[in-house]
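A short worksheet on the structure shown next.
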Amino acid sequence: MAPTSPRFSLPSSLPRRSMLLGLVAAPLTVAACSGDKKKPATPSSSSSSTTTTTAPAPPKAAVTGKGLPKDLLAVMGALYLGGKVPATGNVASALSKRRTAKTSVAVSGTTGKWMGSTVASVVHGKDVTLLVNGASSWSVVGGWWPSLSVYRPPFPTMRVLAVGSDARTGQPVEKCRGDALHIIGVDHKGVGGMVGIPRDSWVPLSTGGNAKVNAALVFGGPKALVRTIEQASGVQIDGYVITGFKGFRGMVDSLGGIIFVAKHSLRSVDNFQIVKAGTNKLTSKTALALARERKHLPNGDFGRSANQGELIKAGMVMAQKLGPAQLARLLGLMGPHLATSLTPAEVLNLCAGLYLSDAAKVSNKVVPGAIGTREGQSVVLLGSQAHSTFADMKDGRLGA
């Protein structure tokens with residue numbers, strides 16, 4: 001009776017490479033069993049043992065970001081891959097509902113210094129994360145994360161007063177005349193508009209008496225100026241930023257100049273060309289000249305205030321083109337040239353509103369008024385049209 005060939009089977013748990021090795025060994029086993037009966041078959045070494053190769057474990061998911069500090073990346077790792085994310089309030093509540101990633105995530109971003117704190121802006125695709133490093137650790141203070149199914153947490157409407165002080169080198173910025181005055185509104189949709197206030201507007205001062213609005217800074221500093229404008233406009237002011245001539249030039253230099261599109265050419269009182277019609281690259285000198293010039297404008301103080309607003313918009317457009325990853329770096333460049341009542345978290349969220357808006361289309365209005373005389377001075381008298389513009393700005397958005 002012929003010997004029966006052994007039945008060959010493979011454990012289902014073996015990896016594919018081991019199965020292939022077993023299939024190669026099977027014919028050798030059959031040949032050994034069908035040889036001379038007098039010679040007992042010697043088990044083939046390949047049939048008595050099987051080599052098992054363990055596949056390498058897949059790399060552990062991680063968050064990486066060139067140039068970003070390790071402790072910041074650790075927070076981003078918790079955010080994207082799961083874990084406790086240091087955050088408070090609406091941000092913490094929103095992130096608690098996030099859908100975490102399953103694979104490694106590459107991010108990019110920058111850090112910068114703002115009023116003594118380190119801030120960061122980090123992006124991944126369309127995600128934006130805003131962070132502040134407090135006493136010893138990072139905290140997420142805002143952003144939006146569509147990749148994790150989390151959108152911008154509720155952000156309160158804010159109306160910020162931007163002030164250009166008439167302070168020259170060596171003079172106190174917060175005790176000179178406030179010659180450039182703009183209320184900027186930001187809400188959950190982004191930047192809602194700007195309202196310029198002519199510096200010669202005749203108003204009651206919060207410190208007592210009546211005077212041009214720019215004098216409020218001289219008599220009581222930024223807080224008195226804020227209260228004066230709140231009383232005159234009926235608009236709640238939630239914070240301020242202020243700079244002087246030197247600070248303004250420093251900001252423009254730190255940006256490497258400002259791209260400004262002018263509708264008309266304009267020369268200064270010193271008879272040099274400030275801008276030509278069309279696209280201009282403004283230096284710190286020409287940008288300051290544009291912000292100050294009024295005598296060569298047909299509408300004087302009103303035109304100057306409008307040009308100041310257009311300069312602010314030009315800066316917004318430049319920041320928007322650079323993208324949110326550069327926000328913290330830009331704030332770090334601006335910070336040394338400003339004084340402000342805004343916290344780092346507030347300024348990050350306010351500025352992030354740029355990336356939710358079309359900066360070029362942000363409304364820029366100057367409150368109208370009549371030219372009059374008070375106490376021997378030429379002043380701007382604010383009437384019903386001015387108060388209508390202020391009323392429109394109460395919710396932080398013009399035309400809404």
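The values are calculated or read from the model by the stated rules, or taken from the named source; none is laboratory data. Model, not experiment: these values are computed from the prediction. Note: ideal-geometry Cβ built from the backbone for every residue, glycine included; neighbour counts use all protein chains shown. These area figures cover heavy atoms from the full protein model, side chains too; ligands, DNA and RNA do not enter into them. Shrake-Rupley method; radii C 1.70, N 1.55, O 1.52, S 1.80 Å.
Listing for the model above:
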{"read-out": "Integer Hz, Karplus 6.51/-1.76/1.60 couplings in order for the stretch 297-302, x for Gly and Pro", "value": "9, x, 10, x, 4, 5"}
{"read-out": "Sorted peptide list for 237-246, 270-279, criterion being average Cβ within 10 angstrom, highest first", "value": "237-246, 270-279"}
{"read-out": "Cα lying deepest toward the dipole's positive end in the chain, options GLY82, THR343, LEU331, charges on Cβ", "value": "GLY82"}
{"read-out": "Rounded tilt (10° steps) of 384-393 against the dominant C-alpha axis of the chain", "value": "20"}
{"read-out": "5 angstrom amide H check on ILE259, placed H, neighbours 5+ away", "value": "LEU282"}
{"read-out": "Calculated from backbone phi, Karplus (6.51, -1.76, 1.60) coupling profile of the stretch 172-187 in Hz, x at Gly/Pro", "value": "x, 4, 8, 10, 10, 5, x, 7, 10, 9, 9, 8, 10, x, 9, 10"}
{"read-out": "The stretch 294-400: trypsin sites (Lys or Arg not before Pro) falling in loop per DSSP and having at most 15 other Cβ within 10 Å", "value": "LYS295, LYS394"}
{"read-out": "In nm, spacing of pseudo-spin labels at ILE371 and ALA391 (7 Å Cα→C-beta vector)", "value": "2.8"}
{"read-out": "Approximate shape of the stretch 286-336 as ellipsoid semi-axes (Cα gyration tensor, √5λ), whole Å, largest first", "value": "28, 11, 7"}
{"read-out": "Sparse-neighbourhood loop sites, trypsin sites (Lys or Arg not before Pro) in the stretch 55-137 - DSSP loop, at most 14 other Cβ within 10 angstrom", "value": "LYS60, LYS66, LYS84, LYS97, ARG99, LYS102, LYS126"}
{"read-out": "Dimensions (Å) - the stretch 278-400, Cα atoms, principal axes, largest first", "value": "50, 35, 30"}
{"read-out": "Net lengthening on full extension, LYS102/THR207 (0.36 nm per residue, minus Cα-Cα)", "value": "31.8 nm"}
{"read-out": "Answer label, with percent of Cα pairs over 31 Å apart calculated from the coordinates and candidates (1) 31; (2) 37; (3) 51", "value": "(3)"}
{"read-out": "Reciprocal of mean inverse Cα separation for the stretch 179-312 (Kirkwood radius, Å)", "value": "16.0"}
{"read-out": "Extension gain (nm, one decimal) between GLN236 and SER149, 0.36 nm per residue minus Cα-Cα", "value": "27.9 nm"}
{"read-out": "Fluctuation leader among ALA216, ALA162, ALA360 - the chain, Gaussian network, Cα springs under 10 angstrom", "value": "ALA360"}
{"read-out": "Contour minus Cα-Cα distance for LYS263 and ALA92 (0.36 nm per residue)", "value": "57.0 nm"}
{"read-out": "Positive-end extreme of charge dipole, the chain - chosen from THR389, LEU131, VAL261 (charges on Cβ)", "value": "LEU131"}
{"read-out": "Apportionment of accessible area to carbon and sulfur, the chain, percent (1.4 Å)", "value": "56"}
